[in-house]
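Asker: Have a look at this one.
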Amino acid sequence: MSKPRPDSAVALVTGASKGIGAAIAIALAEDGWAVGVNYNSDREGAERIVAAIEEAGGRALAVGGDISDANGVANGLFDRLEEELGPVLALVNNAGITADGLAIQMEDDDWNRVIDTNLTAAFRMTRRAMRPMIKARFGRIVNVASVVGPRANAGQANYAAAKAGLIGMTKTVATEVARRGVTVNAVAPGFIATDMTEDVPDAVIDAIPAKRTGTPEEVAAAVRFLASDSAAYVTGSTLFVDGGMSA
Amino acid sequence: MAEKTITPEAVEATVREALAQFGPEPDEIKLEATFEELDVDSLDLAELSQIIEDEYGVKLKGDDVGKIKTVGDAVDLVVNRAG
C-alpha cells in the first residue's frame, strides 16, 4: 500500500495570487496542506490568499518569484518553503500566460514566452520537486493543462503546444517515479470564469455541453482529489474539467 | 547538514546503505556486484546520486552515472570526482 501524506507536508502552487491558482491554494489548505502561495508580480493578491487560509486555521506563506526565470528561482522557492514550512511534497504547476495570435503572424518572442512559462518552467519545478518526494516516498504533482492542446483553438498555437507538451510530460514523468509513491497528473480545464477568460463569446458557451463556464473552485476540487491520499493509484492521467467540451 | 569527508571507506558505506534501501539484501551488495544482478535500476541510481550530493556535496551527472555497472564503479566515481 502507498504511504499516507506526512503531517508536515507542504504544497506549492505556482501562480496562486488569483483565479484558478488561488482557488487551488485554498482548497489544498482546507485539506490540511501547508501551502506555498507563489506569485510573480501580484504580492498583494498572494498575501490576501495567505490571510484567508490563516483565518480559516491553515498555514500558508506567500513566495514571490518569476518561475520562467531559469536562474535558480525554482530552487529558491523550494528552499524557502522547506526552511519555513516543511518539505514540499505537492507541486501544482498552475502559472501560465497567453500571447495569442494566428500562427502566421506570431512572433518568436510570443511563442517563446508562452513555452517558457507554461512548459519549461513547469519542467524545472517538477525536476526540483521530485527530490524531496522520492526521498519521502510520497509526492503529488499536478499540472494544470487545458482543453486547448488536446483540442484546437485558433489563435493559440503557442499555448496549445505548451499545454499538449505538459500532458506529454505528465505521462512520462508519472511512469518514471510511480514506484516511489509519487503521482503526476494533469487537470485540463475548459472555459473557466477568470481574468484570463473574461470575454467568452456566446458561441463558445453554446459549444459547451454544460452551457456555462466553469468556476476556479471546480478546477480546484479536481486538484484537491489528485493531491489526496485517495488518489494514490491515479497517475499519468488527465482529468478534464470542461463541462463536457472534450467528450 | 555538514558534508562528510570523502574517503573510499566512507563512500562505500554510504553506497551500501543507500542500495540496501532499494531492495537488495545487504550481503548481496559486494563491490563487484553489478546493478543488473542487484536489480538496481536508473531511478535507484538517480536517487543514489541525490544521496551522494546531499552527503558529500559531489554532483554526479546523469551521463556519468549511466556508464557505471558495479557497486565498485559507483564508489570509484564519487571518490575520483572529489579528487
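The values are calculated or read from the model by the stated rules, or taken from the named source; none is laboratory data. Everything quoted here is computed from the prediction, not taken from an experiment. Every residue, glycine as well, gets a Cβ built from its backbone with ideal geometry; the counts of neighbours run over all protein chains shown.
Asker: Can you name the strands (runs of 3 or more DSSP E) wholly within segment A:1-74 that have at least 3 residues being of a type outside the set (Gly, Ala, Ser) and touching a strand residue (DSSP E or B) at 6+ places or on another chain (Cβ under 9 Å)?
Answerer: Fully inside segment A:1-74 and qualifying: A:10-13, A:34-39.
Asker: Any idea which residue in segment A:129-151 is surrounded by the most Cβ atoms within 10 Å (Cβ to Cβ), counting only those that are within 15 Å of the chain's Cα centre (by Cα) and within 14 Å of another protein chain (Cβ to nearest Cβ)?
Answerer: Applying the filter and picking the extreme gives A:Gly139.
Asker: How many residues does segment A:123-159 hold that are within 19 Å of A:Lys171 (Cα to Cα) and free of Cβ contacts under 8 Å to residues at least 60 places away in the same chain?
Answerer: 15
Asker: Which residue, of A:Ser230, A:Ser146, A:Ser246, is out of contact with any Gly (no Cβ under 7 Å at 6 or more places or on another chain) and farther than 29 Å from A:Ala103 by Cα?
Answerer: Unique residue meeting the criteria: A:Ser230.
Asker: Now, a different point. Is at least one residue of segment A:184-193 within 14 Å of chain B (Cβ to nearest Cβ), surrounded by 19 or more Cβ atoms within 10 Å (Cβ to Cβ), part of a strand (DSSP E or B) and touching a strand residue (DSSP E or B) at 6+ places or on another chain (Cβ under 9 Å)?
Answerer: For segment A:184-193, residues within 14 Å of chain B (Cβ to nearest Cβ), surrounded by 19 or more Cβ atoms within 10 Å (Cβ to Cβ), part of a strand (DSSP E or B) and touching a strand residue (DSSP E or B) at 6+ places or on another chain (Cβ under 9 Å): present.
Asker: Could you list, in sequence order, the residues of segment A:40-64 that are more than 25 Å from A:Asp7 (Cβ to Cβ) and buried (at least 17 other Cβ atoms within 10 Å of the Cβ)?
Answerer: A:Asn40, A:Asp42, A:Gly45, A:Gly64
Asker: Considering only segment A:75-97, how many residues are in a loop (DSSP other than H, G, I, E, B) and touching a residue at least 60 places away in the same chain (Cβ under 8 Å)?
Answerer: 6
Asker: Just one of the numbered conditions (1) modelled with pLDDT under 95; (2) closer than 24 Å to A:Thr170 by Cα is not true of A:Ser8; which one?
Answerer: Against the list (1) modelled with pLDDT under 95; (2) closer than 24 Å to A:Thr170 by Cα, A:Ser8 comes up short only on (2).
Asker: In segment B:17-70, what residues are of a type in the set (Asp, Glu), farther than 14 Å from A:Ile134 by Cα and touching a helix residue (DSSP H, G or I) at 6+ places or on another chain (Cβ under 7 Å)?
Answerer: B:Glu28, B:Glu32, B:Glu55, B:Asp64 - these are the residues of segment B:17-70 that are of a type in the set (Asp, Glu), farther than 14 Å from A:Ile134 by Cα and touching a helix residue (DSSP H, G or I) at 6+ places or on another chain (Cβ under 7 Å).
Asker: Could you list all residues from segment A:155-183 that are within 14 Å of chain B (Cβ to nearest Cβ) and in a helix (DSSP H, G or I)?
Answerer: Of everything in segment A:155-183, those that are within 14 Å of chain B (Cβ to nearest Cβ) and in a helix (DSSP H, G or I) turn out to be A:Thr172, A:Val173, A:Ala174, A:Thr175, A:Glu176, A:Val177, A:Ala178, A:Arg179, A:Arg180.
Asker: What tally of residues in segment A:65-95 results from selecting those that are in contact with a Gly (Cβ under 7 Å, 6 or more places away or on another chain), crowded, with 19+ Cβ neighbours inside 10 Å and at pLDDT below 95?
Answerer: Here the count works out to 1.
Asker: Does B:Glu37 satisfy the criteria of being under 12 Å from the mean Cα position of the chain (by Cα) and among the acidic types (Asp, Glu)?
Answerer: No, not satisfied.
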